[in-house]
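Only one structure is covered here, and it is reproduced in the block below.
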Amino acid sequence: MKIPRHFFIGCLIFIFLGWSSFSVNALAISIPDEKKLGKQFMEMIREQRVILHDPIARQMINTVGRNIQSVLPTQPFDYSFFLINDDNFNAFATPAANIFIHRGLIDALDNIDEFAGIMAHEIAHAASRHVSESIDRAKLVSFGTIAGMLAGILIGNSGGGDAAKALTMGSMAAGQSSMLAYTRENETEADEKAILFLKQVGYNPKGLLSGLTKLRESDYRGVEGIPDYFKTHPGTGKRIIHIAGILTDYTPDKDKKPTPDTFDFEMVKYRLMGLYGDLTKSFNNVENKLEKEPENPALHYGIGLLYARKNQRDLAIFHLQKALSIKIFDPMILVELGRIYIHQGRYEKALDLLQGITEDPVLEILAKYYMAIAQIESGNLISAEKNLKQVLALEEEAYPRAYYHLANIMSQEKNQAMSHYYLGIYYDETRKLKNASHHLKKAVETLNNPEIKKDAEKRLTDILKSIKKKKYS
């Protein structure tokens, strides 16, 4: 998935113009102001639907993030970690300690220490309030830059195409470094703090060094071949030399236990590649690696997911079963086997597999979701409804399609009012606002339950405001 350039341009304009009315001190914007900006910025991010809510990947990101955060002194912000569904290598901290990791970053790294190194670096930026400093510096960007960016968007909206792109890119080139980039001093401070955090938690700080070195040497796409990460994190070559110097004599503390991980980094990496990566590129990548490592269960897992996307389900099952023969009873593999059995119409076999997944709470919820789908197809609507409601009660954000399946159940039970209600929520969650408003209007007209009707009315009001705002923005 490639995130539209105009979205980031809009974010840049928002950051600049949104802060013109706030008071700031000499070093950084105030904490209350940054919290306010962080909230508004997150609204923009969520509106674009670019956050990937894969429950297993999110568990890994949150676990690593919380582990590192645990060694920080008291912080003014609640740290939040998000995965962006984009295949570029990037990671960045935004206002109020909202930290974003691109899917492509996980694809590019090889182990949990490298991933933790990048996470620790971004957390160090947030803890040092480098984000607020960069926003404060953005006030110095000329109005010509802003005008160019606005003109680019205006021409783009009028169908100007190449001219709009030229204006926009010209404006971004002039002001990008002062609006987004950290200073070299910021980078040095973040690297040094990251190394301290990693040592305290139990990750190997050499992961930060190997991750940066690997990424610098690789041929990642980007403007003039530069990975997105390095555009906002300057001086990478000197950073690598500096980090290498710090870690020359590093040896792990023998008395410190390594951080326990409740996941396998390779399995998460190839899950993301298998489910969300570019199909052709990811398939070729995993297939080539599998030729060199034919007994690697993570590679069999990944290529199994890719075969499933190609509707070659027998091959998908073959590779997942191969992975399972190496990682016996692994619930990540069992869940995906169950999902593919459902696609084959083998509902009882799917249910037999999925019902036994109870030890890992994240995977148990995912299993319940797939169980509900199998139960709908088998005609067991009561159990399906119960499972879907449990899933939504525990992880609503990760399972918007659960509302679609509930609507299907209500439709089969001839409860059209509730079917419209659930469809309205589903389309609202997926930001198909016209469809959402249509179904919620129908729900409001026909619902008898006063509490549910009140909720439908509130949702409808919010949606109509959003539609109106988009129309005149």
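Give me the net charge of Leu366's neighbourhood, meaning all other residues with Cβ under 15 Å from the Cβ of Leu366; Lys, Arg count +1, Asp, Glu -1. Cβ neighbours under 15 Å give a net charge of -4. Show me the GluC sites (Glu not before Pro) within region 408-473 that DSSP assigns to loop and that have at most 13 other Cβ atoms within 10 Å of their Cβ. Passing sites in region 408-473 are Glu413. Mean sequence separation of contacting Cα pairs (under 8 Å, at least six apart), scaled by the length of region 38-93, corresponds to a relative contact order of 47 percent. Other residues whose C-beta falls under 15 angstrom from the C-beta of Tyr399 contribute a net charge of -1, scoring Lys and Arg +1 and Asp and Glu -1.
Per the Debye calculation on region 76-134 with a single equal scatterer at every Cα and no solvent contribution, log₁₀ I(q)/I(0) for q = 0.29, 0.30 Å⁻¹ amounts to -1.18, -1.22.
Quick one: Met60, Met42, fewest Cβ neighbours within 10 Å first, how do they rank? Ranking Met60, Met42 by Cβ neighbours within 10 Å, fewest first, gives Met42, Met60.
Of the GluC sites (Glu not before Pro) found in region 326-391, those that fall in a DSSP loop while having at most 16 other beta-carbon atoms within 10 Å are Glu359. Ordering 309-320, 294-305 by mean Cβ neighbour count within 10 Å, with the highest value first, yields 294-305, 309-320. Dividing the convex hull volume of the alpha carbon atoms of region 322-404 by its residue count gives 88 Å³ per residue. Could you check how many percent of all C-alpha pairs in region 400-473 are farther apart than 15 Å? Across region 400-473, Cα pairs with separations above 15 Å total 49 percent. Taking only the C-alpha atoms of region 320-473, Rg followed by Dmax gives 18.0, 57 Å. Exposure proxy shown here: for Leu366, Leu381, the number of other Cβ atoms within 10 Å sets the order, fewest to most, as Leu381, Leu366. Using θ = phi - 60° in the Karplus curve 6.51 cos²θ - 1.76 cosθ + 1.60, the 3J(HN,Hα) couplings for region 452-463 round to 5, 4, 4, 5, 4, 5, 5, 4, 5, 4, 5, 5 Hz; x is entered for Gly and Pro.
Sparse packing (at most 10 other Cβ atoms within 10 Å of the Cβ) combined with a DSSP loop state is found for the following trypsin sites (Lys or Arg not before Pro) in region 365-473: Lys414.
Mean separation of Cα pairs under 8 Å and 6+ residues apart, divided by the residue count of region 400-473: what relative contact order is that in percent? Relative contact order, region 400-473: 25 percent. Between the C-alpha center of region 28-81 and that of region 403-453 there is a gap of 31 Å.
Each residue of region 55-69 was assigned a 3J(HN,Hα) from its phi angle through the Karplus curve 6.51 cos²θ - 1.76 cosθ + 1.60 (θ = phi - 60°); the sequence is x, 6, 5, 5, 4, 5, 4, 5, 5, 5, x, 5, 4, 6, 4 Hz, with glycine and proline shown as x.
Here, each number is a calculation from the coordinates, and none is a lab measurement. Note that the coordinates shown come from a computational prediction; the quantities given were computed from them, not determined experimentally. Cβ coordinates were reconstructed from backbone atoms using ideal geometry, including for glycine residues, and neighbour counts include every protein chain displayed.
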